[in-house]
Every structure is written in C-alpha cells, then in structure tokens.
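The values are calculated or read from the model by the stated rules, or taken from the named source; none is laboratory data. All values derive from a computational prediction rather than experimental measurement. All Cβ positions, glycine included, derive from the backbone under ideal geometry; neighbour counts span all protein chains shown. Side chains included, ligands, DNA and RNA excluded: accessible areas come from the protein's heavy atoms. Shrake-Rupley method; radii C 1.70, N 1.55, O 1.52, S 1.80 Å.
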Amino acid sequence: AQIGPPGLELQSTNGVIKVKVSPPEANQRKKMWINDLYFKYNLVFWENSSHAQLQSKNIFPVDTIDDLAPDSTYCFKVQANLPREAKQGLFSPISCVQTTQKVNDLLCATNLRVLALNMDFQLLWDDQENQEVNYNVQYLLGFLKTLHDDYSDKWLSVPRCENITSTWCNFSSIISTMGFYYLRVQAREGHNKSCLSREVKVDPLKTNGIGPPGVRLDLSDTLLHIFISPPGGAADEVMRDHYDLSYRILYWKNSSDKEAEVKQKEVKQTIATVPDVAPSSLYCVKVQAFSEPYNKSSAYSQQECIHTPAGTSLPLIIFGIFMGALLVVLLVATPLVFVLYQAYSKMKYVFFPSCQPPLNIEGFGAQLFSSPYVSAAEEPVESCCVIESVVTEEGNQIDFTDYKHSKQSSRDSGNYSNDDNTAGSKGSKETLEKEMV
Amino acid sequence: IMSAFGLIQIGLILSSTTIISSLQCSHLPLQQRKVIENSLRLLDKMGKKFPQQCLREKMSFRFPTQVLQPRHKETVGVAIEEIFQHIFYIFSKNLTLAAWDGTALDQFQNGLYLQIEQLEACVIKKHTQHRQSKEVSRLKLKKYFRKID
C-alpha cells in the first residue's frame with residue numbers, strides 16, 4: 001500500500017516560515033495507517049530562483065524553517081515516511097511562499113547556550129541592548145513536538161526564572177533523565193512588546209558534563225592507597241547510576257631528576273592501590289572520571305601529593321634480631337649442654353667405671369678369675385668385745401681419747417664397726433665422733 | 001490495558017538489555033535500562049484506582065511473546081521499537097476515564113519518546129537483513145495493539 005500525500009500549511013512571519021503538516025488520511029474515517037505518530041515528515045524546499053538547490057529536512061508536524069534569505073520566494077513539498085518499514089509516501093502538492101524582512105528585534109534574547117556540570121543546568125543568553133527587559137524562560141517536553149496538536153500552549157515556565165532581569169537561568173529543577181527538553185527565552189518590555197528567542201534542545205545526559213572527582217591519599221607499609229570520591233556533589237547518585245563511571249588515575253614519583261615517569265591505571269571502583277612505593281619519596285596523584293558508554297570524561301582532579309616515610313633499613317633490623325637470637329640461644333644452650341655433660345659423665349662413672357684395678361690384685365692372675373667364687377680363707381674371728389666401763393664424766397673423756405687411738409690404728413672399714421648390742425650407745429657416740437672429726 | 005502493559009514491560013526489561021547491546025550504539029543499553037526502570041515506577045504511580053465501570057469490559061489479550069524470542073536477534077530491535085511506538089500512541093490519546101497523574105504521564109511519555117528516537121537511530125542502521133521476519137513480527141504486534149485499542 002502506498003502512503004498518501006500529507007497536507008501542508010505555510011505561514012511566513014518575521015523572516016521565518018512556519019510549517020504545519022497534516023497527516024495523510026487526516027480527514028478519513030477509516031484509516032489504513034492507524035498510528036499517525038509513526039510518520040516522519042520529510043520537507044523538501046528550494047529557493048525559487050535560477051540555480052536553486054534542493055534542501056531536504058526532517059521536520060515535526062508543527063515546525064519552523066529559519067536561516068532563509070529574506071524577501072525571497074521559497075517553494076515547499078512534504079512527504080510522509082515510515083522509516084522502519086522503509087516506506088516512502090507521496091509528496092504533497094508544491095506550495096510557495098515569500099519570506100518577509102527579518103525585523104532585528106533588539107528585544108530578543110540571542111546566543112542561547114547551555115552549561116551543564118554534574119547535572120546542574122544553566123541557560124545563558126545575551127541581551128542586545130541595555131534596556132528594561134524582563135525575561136521569562138520556558139521549557140517544553142520533547143515528545144510534545146511529535147504530536148499533531150499545536151503545542152504552543154504547552155510551554156511551561158521554569159520556576160524562579162519568570163520575570164527576571166538577569167541573563168541566566170538555572171533550570172535543573174525541571175530536568176529529569178527521562179527524555180529531552182526544549183528551552184526558549186521570552187523577552188518582554190512593558191506590556192506590549194515581547195519576543196521569543198530561538199529554541200535550544202537539551203538532552204540531559206548528553207549535554208551534561210562530568211565534573212572532576214575528589215582524591216585522598218593514604219599510606220600503609222609499601223602501599224599507596226587512593227580514595228576517590230565520585231563527582232556530582234548533590235547529584236552524585238544520578239551521576240553514578242546513569243553514566244557507569246570509571247576512573248583514570250595518573251601517578252608519578254616527584255624526584256629531583258625531571259624525568260618523572262607518569263603511570264596510568266584505570267579502575268571502576270573508588271579505591272585503588274599502588275604497590276611497592278619507594279621510601280622517602282614524594283608521590284603525586286591526579287584522577288579523571290570518564291563514562292565509556294557516553295564517551296565523556298571529566299577534567300582532572302586537583303593534584304594530591306604524599307611523602308613516603310624514610311625506610312627503616314631492613315638489613316640492620318635483620319642483623320639485630322639475628323644477634324639477639326644468637327645470644328639467647330647461647331645463654332640458654334651453654335648451661336644446658338654443660339649440665340647434660342655432667343650428668344653423662346656421672347652416669348658413666350657410676351655405671352661404667354673406667355678405673356683400673358690395683359696392681360696387687362692384678363698379680364693373682366688367672367687363678368683369681370677362673371673360679372668366680374673365691375673361697376675366702378676363714379678369718380679367725382675373734383669375738384671381741386670392747387668393754388668399757390662408764391665411770392664418770394672424766395672417765396668418759398679418757399674413753400674418748402682412747403677411742404681415738406684405737407680408731408686411728410685400725411683404719412679399715414671405719415664406717416662399719418663390729419659393735420654388738422652391748423655397745424649400742426657407744427656406737428652412736430662413735431658416729432658422733434666421726435662427724436666431729 | 002494495565003495487565004497487558006505489565007507483561008510487556010517485564011518482557012522488555014528481560015530482553016532489551018541483551019538485545020539492544022547487540023546493536024552497536026554504546027550508551028543505549030545503559031540508558032534504556034534506566035528509562036525502563038523509571039517508566040515502570042511511573043506507570044505504577046500514575047494510575048489511581050481502576051474505574052469500576054471498566055471492570056466489566058476487562059478482557060484478556062494474548063500478547064505475541066514469540067516476537068521477543070525470534071531466531072534472528074536483530075528482529076527483536078524492530079519488535080521492541082514497534083511496541084514502544086504503540087504504547088506511546090495509546091498514551092497520547094485522550095484517556096479521560098482513568099484518572100492519570102498528569103506529571104507522571106508526561107514524564108513517562110517523554111522517556112518513552114526518547115527510547116523510540118534512540119532505537120530508531122540504531123535499528124534503522126541495520127535494516128538490510130531478515131526483512132521478512134521483521135515484517136511478520138511487526139504485523140503480529142499491529143494486530144495485537146489494534147485489538148487493545
């Protein structure tokens with residue numbers, strides 16, 4: 001099926017042409033193309049002169065053509081297309097109109113421009129003369145232009161930008177990330193004169209600029225920690241959500257020789273670590289935020305520098321620890337070794353004596369060792385009793401000295417005396433003597 | 001209408017991120033995902049209670065889900081764009097009976113319009129292949145939306 005020609009209305013005002021397109025089948029009850037919002041209108045126009053060049057432009061149903069030469073005749077024709085289905089409609093009949101002289105209204109605001117940083121949007125314009133001019137900034141939701149209804153009554157005033165004398169307006173309050181907007185400035189002088197400026201289209205996420213992030217540095221051991229605070233200030237959540245931000249970190253060692261090698265690191269998180277930083281050096285860092293999907297990057301942050309502490313000379317520490325350990329080991333090990341050696345020698349002495357038997361015993365020779373049981377010659381055992389009459393104390397004294405003599409003469413087993421029971425008490429005295437000696 | 005939209009939007013979220021990212025428009029998946037999230041929130045917010053008199057007229061429409069799972073991935077881009085366009089059209093009509101929150105509705109439509117524009121820029125670039133299957137998807141969707149209308 002072929003798309004029929006649309007309707008075309010033209011109006012020439014103040015050097016521009018206002019175009020109004022009515023969709024094909026506009027007045028039909030039964031429609032083939034139900035959704036007239038589908039159509040994209042292609043306007044073809046040219047100057048009615050000898051060497052005319054055809055210009056082609058995609059327009060909204062209600063649109064304005066400017067940048068035309070004044071006092072000239074222009075001819076227009078329009079077709080309705082369905083780009084998705086690659087269908088092109090028939091052209092409307094050609095309609096020609098003459099442009100008027102452009103009245104340079106000094107009242108109008110000119111050179112509208114938008115400055116946006118971290119979702120803070122400002123509209124700036126120039127005023128032409130130093131007049132008592134009141135400005136009223138208006139905005140329009142982007143989708144309204146695509147509807148066939150006249151949207152001229154759908155313009156709304158930006159809050160706090162109504163009836164102002166300054167040539168700027170902060171319109172962040174009306175901006176959301178859902179769709180785009182058109183903005184214009186209405187200049188008014190007194191009650192009668194007013195002028196509408198050109199429109200400027202604002203696609204928030206595309207127009208917005210990303211501001212620099214914040215940087216903070218910290219040191220631990222041989223690690224340099226970089227803490228990044230995302231750009232945005234109040235709107236940092238919006239920035240993070242919509243831009244999928246990453247960060248580019250530049251860091252270098254600021255040394256006396258000018259050849260500082262700048263290293264780069266790209267991270268997605270807000271914490272980065274630089275390993276193995278040299279001691280007693282000045283390290284400087286600056287960070288840039290960027291959004292890969294939107295191909296946007298911020299300015300670099302302020303340069304932050306930090307001094308790494310003087311390196312605790314490690315070899316000295318190691319040596320000190322080694323010597324200390326060595327000393328401790330010596331102090332503990334030496335007595336232990338000594339004690340062990342002593343114990344060993346005593347044990348050896350007791351259980352495995354290494355002394356030689358005396359020579360006279362050795363003389364016995366084999367006879368001695370042939371029979372293990374040596375029948376000892378019966379010693380004539382005298383049953384002797386040391387009769388001691390305890391007379392008096394003096395007598396005791398005398399006894400003691402006698403005793404001494406007797407004891408000295410018989411020096412053999414002094415420890416083992418053949419005392420009988422009769423000399424029981426004497427025995428005890430003997431032992432006492434022995435101790436005293 | 002509401003139940004139909006609920007189904008559509010959920011289906012779109014599930015499919016659009018993977019599908020749109022296959023088309024080479026770099027910021028598209030991210031932005032579309034955000035707009036769809038907000039759109040759902042607005043849809044939830046904008047309608048008040050379902051009008052009693054419409055309850056009798058409530059019908060169930062079977063959405064042709066197969067358009068969102070085609071053999072060729074590119075076709076889905078076309079289907080999604082078609083769906084958005086139809087939704088946009090429906091909401092542009094003067095829906096007086098249901099009490100919509102005007103601001104929310106405007107925002108929703110503005111977001112939807114942005115999505116349509118972006119998709120058009122990406123989808124039209126690759127319009128060469130699989131024309132037949134794209135046409136079939138489109139017709140199915142047109143039929144569905146005509147039923148709702």
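The table that follows gives values for the structure above.
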{"item": "Positions within the stretch A:189-220 being assigned to a strand (DSSP E or B), more than 14 Å from chain B (Cβ to nearest Cβ) and open to solvent by less than 80 Å² (accessible area, probe 1.4 Å), in sequence order", "result": "A:Glu189, A:Ser194, A:Cys195, A:Val200, A:Gly209, A:Gly214, A:Val215, A:Leu217, A:Asp218, A:Leu219, A:Ser220"}
{"item": "Residue pairs meeting the criteria (Cβ under 9 Å; at least 6 apart or on separate chains; first of a type outside the set (A, V, I, L, M, F, W, C), in the stretch A:304-332; second exposed (fewer than 10 other Cβ atoms within 10 Å of the Cβ) and modelled with pLDDT under 95)", "result": "A:His307/A:Ser280; A:Thr308/A:Ser280; A:Pro309/A:Ser280; A:Gly311/A:Ser280"}
{"item": "Positions within the stretch A:292-304 being modelled with pLDDT of 90 or more and either surrounded by fewer than 19 Cβ atoms within 10 Å (Cβ to Cβ) or in contact with a Leu (Cβ under 6 Å, 6 or more places away or on another chain) (or both), in sequence order", "result": "A:Lys296, A:Ser297, A:Ala299, A:Tyr300, A:Gln302, A:Gln303, A:Glu304"}
{"item": "Residue among A:Glu25, A:Glu9 that alone is modelled with pLDDT under 80, among the acidic types (Asp, Glu) and either in the same structural domain as A:Pro93 (by the TED database) or within 20 Å of A:Leu144 (Cα to Cα) (or both)", "result": "A:Glu25"}
{"item": "Odd one out for A:Leu327 among (1) assigned to a strand (DSSP E or B); (2) surrounded by fewer than 15 Cβ atoms within 10 Å (Cβ to Cβ)", "result": "(1)"}
{"item": "Count of the stretch A:280-291 residues which are touching a residue at least 40 places away in the same chain (Cβ under 8 Å) and open to solvent by 50 Å² or more (accessible area, probe 1.4 Å)", "result": "1"}
{"item": "Spans of strands (runs of 3 or more DSSP E) in the stretch A:86-131 with at least 2 residues in contact (Cβ under 8 Å) with a residue 60 or more places away in the chain and within 30 Å of A:Val202 (Cβ to Cβ)", "result": "A:110-117, A:120-126"}
{"item": "Whichever residue in the stretch A:93-117 is polar (S, T, N, Q) and open to solvent by less than 70 Å² (accessible area, probe 1.4 Å) and, among such residues, is nearest to A:Pro230 (Cα to Cα)", "result": "A:Thr110"}
{"item": "Among (1) modelled with pLDDT under 90; (2) open to solvent by 10 Å² or more (accessible area, probe 1.4 Å); (3) within 30 Å of the chain's Cα centre (by Cα); (4) of a type outside the set (D, E, K, R) - the single one A:Tyr251 does not satisfy", "result": "(1)"}
{"item": "Selection count where residues are within 14 Å of another protein chain (Cβ to nearest Cβ), more than 18 Å from A:Val62 (Cβ to Cβ) and part of a loop (DSSP other than H, G, I, E, B), scope the stretch A:148-188", "result": "6"}
